[in-house]
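Just so it is clear, none of the values below were taken in a lab; they were calculated from the coordinates. A quick note: this is a predicted structure, and the numbers were derived from the prediction, not measured. Quick reminder, even Gly has a Cβ in these numbers, built from the backbone with ideal geometry, and neighbours come from all protein chains shown.
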Amino acid sequence: MEKLLNWGLLSTAKINQALIKPINASKRTRLLAIASRSQSSADAYARENKIPRAYGSYEALLADPEIDVIYNPLPNHLHAEWTIKALRAGKHVLCEKPIALTLAEVDEMIAAAKETGNVLAEAFMYRHHPQTLKVKEIVDSGVLGKIQLIKGAFTFTLDREGNFRQIKEMGGGSIWDVGCYPVSYARMIVGAEPVEVFGWQVEGPSGSDDSFIGQMRFANGVHAQFDSGFKSPSRSYIEVVGSDAVLKIPSPFKPRKNSELFLVRDEVEERIKITGTELYLGEVEDICDSILLKKPQRIPLEDSRENIAVLLSFIESADKKKPVLL
């Protein structure tokens, strides 16, 4: 029988609620512990979510020898520090996106994973969903013809004042929080890296972007456009335009168990129904496959590094108000 992997949650972040259900649902995982910056907070969270162990510090969680996997949902500027600490404490790590804020941080994280032999994965949950796999299959089949343009958006209204997503020093900004999704999606569809990017931003009070608009040019002639933001209504979509057909994905980043794609050819729209799975289960099972079965990760660390490189180039472009070559 396969080993049961014990998981620990590094903080009581809101996004934990998306992971608790799939961790409990998987036959290969058990949610064993929660850590907070205070014992009282950890105890209350453990009682509410029926988690057996509660730790009043992150260090205490990492010191538990029975914990196999750490989920790191900390604010962006803490991803590298605590992921590296967890890896060096002998834990595998599922780290929330964006995996880090600089290429130096990413390289240090990759080095720590290689040195320790522990698995590190970035938590881009949409990449594991059957809908995303079907989109990639359709694009690669050639039914769209030559891919010309990819358009996408991910916006919502952030009305929590002082939230870390708006604090520049904590890795705030819509491009880091939600713009990373359409950038990642376009790169996945093309299967290559952009050679040039151009970005514009609308700065919020802290200097991070409240909205970001970007364009990418790929060497094979494909172009991509996206916008992300904290001040617009909830929007998310991807549209892939080919010479022969258009593929519309209404819910690309948070597909439901049963979702739909729309393939438009000669002004005729074909509806493609997808029977999926629980959204966050895929990333849990993927890291289990890597740990227990030594399977390659669906999102290699090199892919995560390239996504960070593109995001940093966009921020540089917006700051300098000119295109940036990669």
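Details
- Residue in segment 77-97 that is among the polar types (S, T, N, Q), touching a residue at least 60 places away in the same chain (Cβ under 8 Å) and out of contact with any Lys or Arg (no Cβ under 8 Å at 6 or more places or on another chain) present: no
- Residue in segment 95-103 that is over 17 Å from the mean Cα position of the chain (by Cα) and either buried (at least 17 other Cβ atoms within 10 Å of the Cβ) or assigned to a loop (DSSP other than H, G, I, E, B) (or both) present: no
- Residue in segment 241-254 that is under 28 Å from LEU120 (Cα atoms), without any contact (Cβ under 8 Å) to a residue 60 or more places away in the chain, surrounded by fewer than 18 Cβ atoms within 10 Å (Cβ to Cβ) and basic (Lys, Arg) present: no
- Candidates GLU169, GLU193: the one that is over 24 Å from ILE249 (Cβ atoms) and charged (D, E, K, R) is GLU169.
- The set of residues from segment 19-63 being in contact with a helix residue (DSSP H, G or I) (Cβ under 8 Å, 6 or more places away or on another chain), of a type in the set (A, V, I, L, M) and surrounded by fewer than 18 Cβ atoms within 10 Å (Cβ to Cβ) comprises just one member, ALA25.
- Restricting segment 108-166 to residues that are charged (D, E, K, R) and more than 30 Å from GLU270 (Cα to Cα) leaves a set whose member that is surrounded by the most Cβ atoms within 10 Å (Cβ to Cβ) is GLU122.
- Only one of SER11, SER57 that is among the hydroxyl-bearing types (Ser, Thr, Tyr) and farther than 23 Å from ASP286 by Cβ: SER57
- Matching residues, segment 181-212, being outside any loop (DSSP other than H, G, I, E, B) and acidic (Asp, Glu): GLU196, GLU203, ASP209, ASP210
- Residue under evaluation PHE198, criteria (1) over 20 Å from SER232 (Cβ atoms); (2) aromatic (Phe, Trp, Tyr); (3) surrounded by fewer than 17 Cβ atoms within 10 Å (Cβ to Cβ), criterion not met: (3)
- Checking segment 185-193 against the condition returns no match, with no residue being of a type in the set (Gly, Ala, Ser), within 16 Å of GLU96 (Cβ to Cβ) and surrounded by 24 or more Cβ atoms within 10 Å (Cβ to Cβ).
- Residue within segment 255-262 that is farther than 21 Å from ASP210 by Cα and within 17 Å of the chain's Cα centre (by Cα) present: yes
- Of all residues in segment 201-217 being closer than 16 Å to ILE308 by Cα and touching a residue at least 40 places away in the same chain (Cβ under 8 Å), the one that is surrounded by the fewest Cβ atoms within 10 Å (Cβ to Cβ): MET216
- ARG165 meets each of the listed conditions (1) in contact (Cβ under 8 Å) with a residue 24 or more places away in the chain; (2) under 29 Å from GLY242 (Cβ atoms); (3) in a helix (DSSP H, G or I) apart from (2).
- Checked against (1) surrounded by 15 or more Cβ atoms within 10 Å (Cβ to Cβ); (2) among the hydrophobic types (A, V, I, L, M, F, W, C); (3) more than 19 Å from ILE315 (Cβ to Cβ), PHE226 passes all but a single condition, namely (3).
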